[in-house]
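Structure record follows, encoded as structure tokens.
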Amino acid sequence: MNIEQIVGTVRSLDGALVVSPAEGDGFPELAWGDHFCYYAPDGRIPTNTQPYATVVTKNYPDDERSALDGPGRWRLNIHVGRTAYERLTGAPARDEPDVDFAATDVVLPHPVYGRMGWVAVVNPGPRTADLIPDLLRAAHADAVARAARRAER
């Protein structure tokens, strides 16, 4: 599974917005080349919510354990919630996982945001290809539900 397939999967969902910062469009240089997935039926980046999935192509400050600065390495991050996190990782979100965060094509706790119900897959491949679209659809559905709850307030 490659980045274009992931972005295409998200873009096929109703109300999805994928922001892909590049040089000259006002985003910080650190974000260039990455992708941020939102539920945004109006086509504008929400100001009151975080993305439900991201694709990062490099290490970020304080997030280097996935070794993304190596050639061809990147990571898909998906907010799955704590219940799905525990099902996918086999561990409670509150625990500090003892895993190799640089392992590829396996669902891992996110190295920074795992405790908040985020999982990560470095260089998704055949082992995770069937699961990833389902996780993205579920994360999108959760984002739609959160937006509906906010609209009711």
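The values are calculated or read from the model by the stated rules, or taken from the named source; none is laboratory data. This structure is a prediction, so every number in the text was calculated from the model and none was measured. All Cβ positions, even for glycine, are placed from backbone atoms using ideal geometry, and neighbour counts span all protein chains on display.
Residue 67 - would you say it is among the aliphatic types (A, V, I, L, M), modelled with pLDDT under 95 and more than 20 Å from residue 147 (Cα to Cα)? Walk me through it before giving the result.
On the way: among the aliphatic types (A, V, I, L, M): yes; modelled with pLDDT under 95: no; more than 20 Å from residue 147 (Cα to Cα): yes.
The answer is no for residue 67.
Has segment 29-44 got at least one residue that is closer than 24 Å to residue 145 by Cα, among the acidic types (Asp, Glu) and at pLDDT 95 or above?
The initial filter retains those residues of segment 29-44 that are closer than 24 Å to residue 145 by Cα, namely 35-44.
Add one more test, that the residue is among the acidic types (Asp, Glu), and what stays is 42.
Among the residues that remain, those that are also at pLDDT 95 or above are: 42.
Yes, segment 29-44 has at least one match.
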Which condition number does residue 96 fail, the rest of (1) out of contact with any Asp or Glu (no Cβ under 9 Å at 6 or more places or on another chain); (2) under 23 Å from residue 61 (Cα atoms); (3) at pLDDT 95 or above being met?
(3)
